[in-house]
Amino acid sequence: MVIGGGVIGCWAAYHLARRGRRVLLVERDQIGSGASGGNCGYICPSHVLPLCGPGVIRSSIPQILSRRGALSIPARLDPKLWHWLYAFSRHCNANHQQHAALARNVLLRRSDRLYREFLQNRDACCSWKQRGLLTVHRHEKSLDAFVKTAERLSSDFGIHLQRVEGERLRELEPSLTESIAGAWHFQGDSHLDPAALMRELHTELRKLGIEVWSETEVHCLHVQNRRINSIETSRGRLHADQFVLATGAEAPRFARDLRCQIPIVPGKGYSMTFAAASQSDATQREGSPSTWPRIPMIFEDTHVAVTPMEGRLRVGSTMQLTGYDRRIDPARLKMIRESAQSYLRHRLVGEPEQTWVGWRPMVPDGLPCIDQCPAVDNAFIAAGNGMVGIATGTGTGCLVAELVCGDVPSIDPEPYALSRFGGFKNQRITSSSTVPARPVSQTR
């Protein structure tokens, strides 16, 4: 059984079924209705460097203090968050950054290959495009400051990137305003429509004979003698031989009963999707194909991202460590929109056709949790992919399926092991226990 119908859970179910396993997929809402459908759709082998790294804390302080900063940590009494922040700070060093980057590189490249195999005859269904990714710099100073990182990405990880500026940048991406100093073009990256991917994946799961239970809330786990023997849901008690928990940002709610640490916190993000058809006649000329973005971009100075998706433009940003809060802050949406607009010739006129908020599952060391639970033999975790959930989804699903089936892993699973966090200390382990009955999201 797979608990969670987001991108990780769906890929886990897909790879299990391809290995001949009978699979039931349980999802609280609809398949792909959470973070898996509202993100910017990057398939980005370039994103090898984790958020934790030398100097990150110092450079983040101005953002935290600014109302317009992409990073926001509202002051509150939350011991779990402060413990997470302390663990994050302990990983902000060069040695760990290199270790995490090597592991992320392997998972990102494996996922990229698996995506290409899956989308070989389905690219039109998912709006798959390989046009690369531009990281755009407004100022020459920040463009130059990236040179050492660019050299490292090329030499250590084989990532193809090129500095573009002036007339070359205007030819490559005419949608940018004249005020841009330049950009770095990551030529090996791709993008797709994540909602379309989830629809296509859902169709494929059905073809493989996977039973999908949508709108099914998981209330609690029943653990006895080192095994989950059943789960309690809104549709009754369910039994299975093995369980994969792909529950995203809410995976920690299972941790105590599984007797392992899963140090994930929700990183709240926003996106808006604008339709070209919504532009007025006056602005359609300004928003013509020559000024409509064709390449996904991240505006490095404000950390706002944009992705063109077949006549639509998705704009996303922010990392708010606000806990399990889905409230939409209109001021944040306004800030994101104004920031994107300051880089683009194309006018974002009218209201977006879709506004989304969701939780990224953030781990302090920048690596996902993909492992068998050390104290519960038939439980497996696949969560914590952070800001690269779509990009690492199929590789994560493949690896956890290999672990479930006892196959030789296609990549080394050690960097993603739960053992790196330790277990619950001073906890008396009983022969049976039950997770407290509380709603658990399976999508984010």
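The values are calculated or read from the model by the stated rules, or taken from the named source; none is laboratory data. All figures in this text were calculated on a predicted structure; none of them were measured in a lab. For neighbour counting, all protein chains shown are included, and Cβ atoms are generated from backbone atoms with ideal geometry for every residue, glycine included. To get the accessible areas, we keep the full protein, side chains included, count just its heavy atoms, and leave off ligands, DNA and RNA. Shrake-Rupley method; radii C 1.70, N 1.55, O 1.52, S 1.80 Å.
Summary of computed values
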| item | result |
| --- | --- |
| Residues within segment 200-214 that are open to solvent by 30 Å² or more (accessible area, probe 1.4 Å) and touching a helix residue (DSSP H, G or I) at 6+ places or on another chain (Cβ under 8 Å), tallied | 4 |
| Members of segment 297-308 found to be surrounded by fewer than 20 Cβ atoms within 10 Å (Cβ to Cβ) and closer than 25 Å to Leu197 by Cα, listed by number | His303 |
| Residue check for Ala240: open to solvent by less than 10 Å² (accessible area, probe 1.4 Å), among the aliphatic types (A, V, I, L, M) and either within 26 Å of the chain's Cα centre (by Cα) or under 19 Å from Ile381 (Cα atoms) (or both) | no |
| Of all residues in segment 414-435 being under 18 Å from Ile264 (Cβ atoms) and open to solvent by 20 Å² or more (accessible area, probe 1.4 Å), the one that is modelled with the lowest pLDDT | Phe424 |
| Any chance Gly9 is at positive phi, open to solvent by less than 20 Å² (accessible area, probe 1.4 Å) and modelled with pLDDT of 95 or more | no |
| Positions within segment 40-66 being within 30 Å of Asn95 (Cβ to Cβ) and in a loop (DSSP other than H, G, I, E, B), in sequence order | Cys44, Pro45, Ser46, His47, Val48, Leu49, Pro50, Leu51, Cys52, Gly53, Pro54, Gly55 |
| Leading residue by the ranking (modelled with the lowest pLDDT) among those in segment 73-89 that are open to solvent by 50 Å² or more (accessible area, probe 1.4 Å) and farther than 15 Å from Thr322 by Cβ | Pro79 |
| Members of segment 52-72 found to be at pLDDT 90 or above and open to solvent by less than 60 Å² (accessible area, probe 1.4 Å), listed by number | Cys52, Gly53, Gly55, Val56 |
| Single match in Cys10, Cys40 (criterion: more than 27 Å from Phe299 (Cβ to Cβ) and within 16 Å of the chain's Cα centre (by Cα)) | Cys10 |
| Residue within segment 384-392 that is buried (at least 22 other Cβ atoms within 10 Å of the Cβ) and part of a loop (DSSP other than H, G, I, E, B) present | yes |
| Where Leu321 falls short, out of the listed (1) in contact (Cβ under 8 Å) with a residue 60 or more places away in the chain; (2) open to solvent by 40 Å² or more (accessible area, probe 1.4 Å); (3) under 26 Å from Asp29 (Cα atoms) | (2) |
| Residue ranges of helices (runs of 4 or more DSSP H) in segment 92-181 with at least 2 members open to solvent by 10 Å² or more (accessible area, probe 1.4 Å) and of a type in the set (Lys, Arg) | 94-118, 147-157, 166-172 |
| Hits in segment 21-39 - residues which are more than 15 Å from Glu211 (Cβ to Cβ) and either open to solvent by 30 Å² or more (accessible area, probe 1.4 Å) or in a loop (DSSP other than H, G, I, E, B) (or both) | Arg28, Asp29, Gln30, Gly32, Ser33, Gly34, Asn39 |
